[in-house]
Amino acid sequence: MWQPESDWVALPGGSGTSTVGVWRTALGGRPVVIKRLGSPQPGDPAVLSDRSHIGYWRREADVLFTGLTNETPGLQAASGSVEEDDEGVTIIRDWVEDAASSGLFLALSIGRFAGAHLGHPQFLAHNLMRDRLARVERKGGWPTLARTTVADVADHLWTHRAKMLTLLEGVPQVAQHGDPTALNLPGRSGDDALAIDWGTLGHGPVGGDLGYLSLSAREEFEPLLDAYLLGLPEGVADHDAVVLGARIVAVYTALSRAEWALARVAGGEGALAGKYRHPAVAPHLRALQRTFGHMEALLEL
């Protein structure tokens, strides 16, 4: 049975369905990060074996093994290798120092990456938002948000989610990282950002990565949009398509995260409103507040 070495230092980031753990160590004096992915077992969800689904268990390993993102514009993979056995795969990659990149640089980078030609490997994710919302639907939707001041808006947007997903699929589909946060894009290599997690790589709506990034970036949406458009190659998509893709992804992601966070604390004593400042809830509500302008625009569609 595969086991980590006793001197490896455990790192956060091991909460994925197939992620056994993440550790930092040194091999031959070279600082590295080791990530272990366990293969699906009998009784596990079928989506773990669906190569196009967001939950596909070994996508990150396949991306690194094929070198698909070693030289892509805007975003590139940190150097690494993959070892496989009967129980799963082990990813060994270089430790990436935090370059403290601004949100503007990351927006520029994901805009450039949207012009990358990834081809059509079977392991690329498709329909990320559709898969994510299907997972939310299986858990009952957004019932906790019905107890908040955004109840009516949330109900409208949840009811019209199929329409919004259709709109997303109608804008140009481009290369997307799928989870572009500062934590997942920590390093720099020349003019490109270095990404350390490729588990959601695939094709999706132009602007989708921008909407996702905007929820955690320090900068406001408009300057992030300008940076993304500056990086986006000419002819890929126009301004309105980028804004639509970003808005839908940002709003539905923020609402789903807020529901998840509130549901975790809702069962305790006291009114739900009294838990808005809970440290596990407040960041998600602040991100939700940043999307209010986007919500208003979507209500008019």
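Here, each number is a calculation from the coordinates, and none is a lab measurement. Every value quoted in this text rests on a predicted model; they were computed, and no experiment measured them. Positions of Cβ are generated from backbone atoms using ideal geometry, with glycine treated the same way; all protein chains shown enter the neighbour counts.
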- prompt: In whole Å, what is the distance between the alpha-carbon centres of region 42-74 and region 252-288?
  reply: 30
task: Pull out the extension gain between GLU71 and ASP152, defined as 0.36 nm times the separation in residues minus the alpha carbon to alpha carbon distance; nm, one decimal.
output: 24.6 nm
task: State whether region 185-233 is rounded, prolate or oblate according to the following rule on the C-alpha gyration tensor (a ≥ b ≥ c being the square roots of its eigenvalues): a/c under 1.5 gives rounded; otherwise a/b larger than b/c gives prolate, and the remaining case gives oblate.
output: rounded
statement: Exposure proxy check on THR291, THR148, THR17: fewest-to-most Cβ neighbours within 10 Å is THR17, THR148, THR291
statement: Any helix of the chain counts here only if DSSP assigns it H throughout, its Cα atoms span 24 Å or more along the axis, and its mean Kyte-Doolittle hydropathy is at least 0.5, and such helices are 239-265
message: Under 8 Å for C-alpha pairs, at least 6 residues apart: give me the relative contact order for region 103-299, rounded to a whole percent.
response: 30
message: Given an 8 Å cut-off on Cα distances and at least 6 residues of separation, report the relative contact order of region 1-94 as a percent.
response: 24
- line: Summed over the other residues with a beta carbon less than 12 angstrom from that of LEU165, with K and R at +1 and D and E at -1, the charge totals +1
message: Connecting C-alpha atoms closer than 10 Å in a GNM of the chain, tell me which of ALA227, ALA107, ALA134 has the biggest fluctuation.
response: ALA134
message: Below 8 Å, C-alpha to C-alpha, sequence gap of six or more: please give me the relative contact order for region 45-95 in percent.
response: 23
field: Dimensionless Rg ratio for region 14-140, taking C-alpha atoms and the 2.2 N^0.38 Å reference
entry: 1.16
- request: Would you work out the charge dipole size for region 103-299 about its Cα centre, treating the Cβ of every Lys and Arg as +1 and the Cβ of every Asp and Glu as -1, and quote it to the nearest 20 debye?
  value: 820
- line: GNM of the chain, Cα pairs under 10 angstrom: of LEU272, LEU288, LEU165, the biggest fluctuation goes to LEU272
- request: List the trypsin sites (Lys or Arg not before Pro) within region 218-282 that fall in a DSSP loop (any state other than H, G, I, E or B) and whose Cβ has at most 13 other Cβ atoms within 10 Å.
  value: ARG218, ARG277
task: Calculate I(q)/I(0) for the chain by the Debye formula, one identical point scatterer on each C-alpha and no solvent, and give its log10 at q = 0.07, 0.10 Å⁻¹ to two decimals.
output: -0.27, -0.57
- request: List the longest stretch of the chain that has no exposed loop site; here a site is one of the GluC sites (Glu not before Pro) assigned by DSSP to anything other than H, G, I, E or B, with at most 13 other Cβ within 10 Å.
  value: 98-219
field: Sequence-distant residues sharing a close amide H with GLY187 (under 5 Å, placed H)
entry: ALA99, LEU194
- prompt: Hey, got the dipole for region 211-301? About the Cα centre, +1 on K and R Cβ, -1 on D and E Cβ, debye to the nearest 20?
  reply: 680
GLU222-ARG51 pseudo-label distance in nm [points 7 Å out on the Cα-to-Cβ vector]: 4.6
message: Cut-off 10 angstrom, C-alpha nodes, Gaussian network model of the chain. Which of ALA182, ALA146, ALA246 fluctuates the most?
response: ALA146
